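Accompanying notes for the structure given below.
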Amino acid sequence: MDVQVKHERTIAILAVDGENFEVSGVYQGSARKPSSYILTRGGDKAEVRNLSSFPSHQQVRELMS
């Protein structure tokens with residue numbers, strides 16, 4: 001049985017409209033490209049998981065409004 005271990009790593013901190021957001025990548029095994037992304041708001045730690053691409057500033061606004 002082939003088990004792929006997933007791990008998360010912070011890729012970027014974005015400042016959007018006066019708030020800070022952390023973008024993390026989810027990696028499977030030794031892959032160099034994330035399989036998905038996680039967006040976390042700095043203040044209240046609200047998060048959106050399983051994003052298929054790195055979020056733009058406009059997407060951050062839409063997802064966290």
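Read-outs: derived from the displayed coordinates by stated rules, not from any lab. Predicted model only: the values in this text are computed from it and were never measured. Cβ atoms come from the backbone with ideal geometry, glycine included; neighbour counts cover every protein chain shown.
Counting only DSSP beta bridges with both residues in the chain, tell me the antiparallel percent, nearest 5. Of those bridges, close to 100 percent are antiparallel.
The 3J(HN,Hα) values that the Karplus relation (6.51, -1.76, 1.60; θ = phi - 60°) gives for the range 31-42 are, in residue order, 4, 8, 10, x, 7, 7, 10, 10, 10, 10, 7, x Hz. Gly and Pro appear as x.
Residues whose amide H lies under 5 Å from that of residue 36, counting only those 5 or more places away or on a different chain, are 26; hydrogens are built 1.01 Å from N in the peptide plane. Computed 3J(HN,Hα) for the range 4-15, one whole-Hz value per residue from the Karplus formula 6.51 cos²θ - 1.76 cosθ + 1.60 where θ = phi - 60°, is 9, 7, 9, 9, 10, 9, 5, 9, 7, 10, 10, 9, glycine and proline marked x. With the simple spin-label model, which puts each label point 7 Å out from Cα in the Cβ direction, the residue 17 to residue 57 separation comes to 1.3 nm.
Each residue of the range 6-63 gets 72 Å³ once the volume of the Cα convex hull is shared out per residue. Helical content alone sets the calculated 222 nm signal of the chain at -2500 deg cm²/dmol, taking -39,500 (n - 2.57) per DSSP H segment of four or more residues and averaging over every residue.
Label positions at residue 10 and residue 45, each projected 7 Å from the Cα along the C-beta direction, are separated by 1.4 nm.
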